[in-house]
Amino acid sequence: MPSFTNDIFISYRHIDNRPVSGSTGWIDDFTEKLRAQLAFKLGYDPVIWRDPTITGGEYFADVILKEIEKSKVLISILSPGYVDSNSPWCRRELSEFCHLAERTIGVRIGEKSRCIKVVKSFLAREQHPLELQGLLGYEFYEEDEQLHRPRDFSYLPDGYQYKRYLDKIDQLAWDISQLLKTMEHPQSSLSPQDIDHTVYLAESTTDRAEYRDSIRNELQSRGYRVLPDKELPQTAPEYRQAVSENLKQARLSIHLIGEKYGSMLEGEEEQSVVHIQNDLAAKHSSEDTGFLRVIWISPELKPTGKYQPAFINLLRTSSDAQKGAELLERSFEELKNRIIEKLTTPKPAAPKLLQFPQEDLVSIYLICDQLDFASVKLIRDYLFEKGYEVNLAARDVDSTQVIQYHKDNLIECDATLIYYGQGNEFWLHSKLSDLRKVAGWGREKPMLCKAIYCAAPPTDHKQDFKTWQAVLLVPPGYSGLSEAALEEFVARIESARVEQVRTGSGGSR
């Protein structure tokens with residue numbers, strides 16, 4: 001490896017560092033905050049070099065070119081001034097860095113580029129320097145929904161979106177720290193990771209950008225690769241192809257639904273990028289049964305515009321739009337916990353059921369209220385088609401035989417699914433109480449899974465209910481047959497079943 005003395009070279013236009021209201025300039029503030037965050041993450045003070053003065057060609061050749069050659073990473077801070085044709089120095093710094101890099105260790109280290117694109121102020125993508133085209137940038141601005149124009153994050157504590165400004169620096173510092181560590185220890189190469197550790201985090205509308213950044217940071221800190229990791233095309237056919245290719249590399253896709261429908265692509269007049277990504281993920285889910293999806297709609301969301309209310313209704317009611325997805329309408333923290341739970345739950349081996357002999361057929365006891373028998377048959381048929389023996393609760397309520405039938409099923413079944421529909425909260429309490437008593441009735445091993453399927457009608461108790469005694473399966477809107485919810489139930493059964501065979505033990509919830 002070449003003898004680098006600088007960790008980072010910052011390429012910027014001096015006009016972007018003019019102070020606001022007597023404060024330090026944006027570049028000064030950005031540099032010092034980045035330096036501090038990198039020191040925390042690296043364990044040492046990074047060497048960051050930037051030209052503090054406006055200079056000409058002779059200074060470039062004598063000083064700047066040498067500093068570029070000694071730098072591991074170059075950060076280009078893009079702005080309208082950076083690409084101004086009357087000031088070619090910034091573009092020349094970028095060009096020289098790439099030229100010198102190609103003569104040594106290259107511009108790319110694994111999947112990551114040594115050129116980092118920071119977009120300080122809005123700059124149309126086609127104006128980005130050629131060397132940075134296709135790279136995901138760190139955008140320090142957003143579309144202001146009220147003013148209908150881009151607005152920069154302020155570097156002043158009481159200014160616009162100051163927290164987002166700090167979060168972006170923290171995100172940038174993390175990514176650079178990982179790149180620098182890899183350059184220092186090439187054996188920890190940033191090569192593409194396996195599907196089980198790759199997530200597709202769908203592009204979202206601007207009102208969900210902060211949530212998306214938070215999920216991205218959380219996943220990357222846990223060692224997951226997050227796609228897309230390059231800019232996606234802006235024309236419809238190429239965009240669809242790129243998204244499809246990204247989805248094939250991932251185990252899970254995450255879709256954050258915002259208040260607005262979202263932007264349209266060139267050549268696309270019917271669907272937004274948010275809608276397109278959901279459709280492509282649903283299609284991929286139908287082709288790959290191991291592919292997982294999460295769609296998040298905030299409980300406080302109020303859709304606006306002509307198309308968004310209809311799109312959200314489609315997500316809640318259409319089995320095609322939901323294909324393979326778990327639709328969550330809970331808090332953001334619950335969403336993040338659910339994402340990690342999905343990624344850390346062992347993936348069942350496929351084919352699952354054919355690995356076991358007929359005498360080991362899994363039986364499921366499906367418990368429901370008398371008024372739910374018509375509704376519960378859809379679930380019974382679905383599970384039966386999956387190869388499970390499903391025993392329904394008896395229709396009679398009071399006879400001694402029915403009580404014994406109920407106890408026998410709880411003692412002998414491999415898994416239990418409580419259909420919480422017309423029954424009230426006291427009915428549910430009695431069923432959970434029976435599950436706790438079953439060991440005293442003679443059951444000798446744990447169940448593979450205990451779950452509660454929360455069905456219509458929606459009630460305050462259902463919406464507030466939480467328990468550690470069983471897995472909660474909540475279909476969108478508490479209505480219809482949710483294949484995604486039942487697939488989670490099946491996955492937990494099969495995961496526990498494989499573990500049971502491996503260890504020779506009982507089961508697990």
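The values are calculated or read from the model by the stated rules, or taken from the named source; none is laboratory data. Computed from a predicted model, the values in this text were never measured in an experiment. Cβ: placed from backbone, ideal geometry, glycine included. Neighbour counts: every protein chain shown. Note: accessible area is taken over every heavy atom of the protein model, side chains too, but ligands, DNA and RNA are not part of it. Shrake-Rupley method; radii C 1.70, N 1.55, O 1.52, S 1.80 Å.
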Suppose the filter is in contact with a strand residue (DSSP E or B) (Cβ under 8 Å, 6 or more places away or on another chain), more than 30 Å from ALA242 (Cβ to Cβ) and touching a residue at least 40 places away in the same chain (Cβ under 8 Å); does SER87 pass it? no
Conditions first: (1) of a type outside the set (Asp, Glu); (2) modelled with pLDDT under 95; (3) closer than 28 Å to GLN234 by Cβ. LYS70 passes all but one, so which condition is the exception? (3)
Of the conditions (1) surrounded by fewer than 16 Cβ atoms within 10 Å (Cβ to Cβ); (2) closer than 14 Å to SER298 by Cβ, LEU256 satisfies every one except a single condition; which number is it? (1)
What are the pairs, 6+ residues apart or on separate chains, where a residue within region 125-153 that is at positive phi has its Cβ under 7 Å from a residue that is open to solvent by 80 Å² or more (accessible area, probe 1.4 Å)? GLY134/LYS230
Looking only at region 33-41, decide whether some residue is under 23 Å from ARG151 (Cα atoms) and open to solvent by 30 Å² or more (accessible area, probe 1.4 Å). yes
Residue satisfying condition, being of a type in the set (A, V, I, L, M, F, W, C), farther than 26 Å from LYS323 by Cα and loosely packed, with under 14 Cβ neighbours inside 10 Å, within set TRP441, TRP427: TRP441
Scanning region 450-491 for residues that are open to solvent by 40 Å² or more (accessible area, probe 1.4 Å) and assigned to a helix (DSSP H, G or I), the one nearest to PRO346 (Cα to Cα) turns out to be GLU487
Cβ-Cβ below 9 Å, separation at least six or inter-chain, first residue in region 27-40 and more than 16 Å from TYR162 (Cβ to Cβ), second open to solvent by less than 20 Å² (accessible area, probe 1.4 Å) and among the acidic types (Asp, Glu): which pairs? LEU38/ASP7
Please name all residue pairs, on different chains or six or more residues apart, with Cβ atoms under 6 Å, provided the first residue is in region 110-121 and is in contact (Cβ under 8 Å) with a residue 24 or more places away in the chain and the second residue is among the polar types (S, T, N, Q) and in a loop (DSSP other than H, G, I, E, B). GLY110/SER189; GLY110/SER191; LYS120/SER79; SER121/SER79
Is region 90-99 home to any residue that is hydroxyl-bearing (Ser, Thr, Tyr) and either open to solvent by less than 10 Å² (accessible area, probe 1.4 Å) or out of contact with any helix residue (DSSP H, G or I) (no Cβ under 9 Å at 6 or more places or on another chain) (or both)? no
Out of everything in region 325-342 that is assigned to a helix (DSSP H, G or I) and crowded, with 18+ Cβ neighbours inside 10 Å, what residue ends up being modelled with the lowest pLDDT? LYS342
Only residues that are in a loop (DSSP other than H, G, I, E, B) and either surrounded by 13 or more Cβ atoms within 10 Å (Cβ to Cβ) or touching a Cys at 6+ places or on another chain (Cβ under 8 Å) (or both): list them for region 111-137, please. GLU111, ARG114, LYS120, SER121, PHE122, LEU123, HIS128, PRO129, GLY134, LEU136, GLY137
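Quick grid of which residues meet (1) free of Cβ contacts under 8 Å to residues at least 24 places away in the same chain; (2) in contact with a strand residue (DSSP E or B) (Cβ under 9 Å, 6 or more places away or on another chain); (3) surrounded by fewer than 18 Cβ atoms within 10 Å (Cβ to Cβ); (4) on the phi > 0 side of the Ramachandran plot:
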residue	(1), (2), (3), (4)
TYR224	no, yes, no, no
SER244	no, no, yes, no
LEU265	no, yes, no, no
VAL274	no, yes, no, no
PRO299	no, no, yes, no
PHE311	no, yes, no, no
LEU314	yes, no, yes, no
LYS323	no, yes, no, no
Residue in region 389-404 that is at pLDDT 90 or above, surrounded by fewer than 16 Cβ atoms within 10 Å (Cβ to Cβ) and either part of a loop (DSSP other than H, G, I, E, B) or over 33 Å from the mean Cα position of the chain (by Cα) (or both) present: yes
If I filter region 195-222 down to residues being free of Cβ contacts under 8 Å to residues at least 60 places away in the same chain and among the polar types (S, T, N, Q), which single residue comes out as surrounded by the most Cβ atoms within 10 Å (Cβ to Cβ)? THR198
So which of LEU353, LEU366 is at pLDDT 90 or above, in contact with a helix residue (DSSP H, G or I) (Cβ under 9 Å, 6 or more places away or on another chain) and of a type outside the set (Lys, Arg)? LEU366
Considering (1) among the acidic types (Asp, Glu); (2) farther than 23 Å from VAL73 by Cβ; (3) open to solvent by 50 Å² or more (accessible area, probe 1.4 Å); (4) not in a strand (DSSP E or B), say which one ASP170 fails and leave the rest. (2)
May I ask you to say which residue of PRO233, PRO228 is under 17 Å from the mean Cα position of the chain (by Cα), surrounded by 14 or more Cβ atoms within 10 Å (Cβ to Cβ), farther than 30 Å from ASP28 by Cβ and not charged (D, E, K, R)? PRO228
Take the residues of region 138-157 that are open to solvent by 70 Å² or more (accessible area, probe 1.4 Å) and in contact with a strand residue (DSSP E or B) (Cβ under 9 Å, 6 or more places away or on another chain): which is modelled with the lowest pLDDT? GLU143
For residues that are open to solvent by 40 Å² or more (accessible area, probe 1.4 Å) and under 22 Å from HIS429 (Cα atoms), tally how many sit in region 369-388. 3
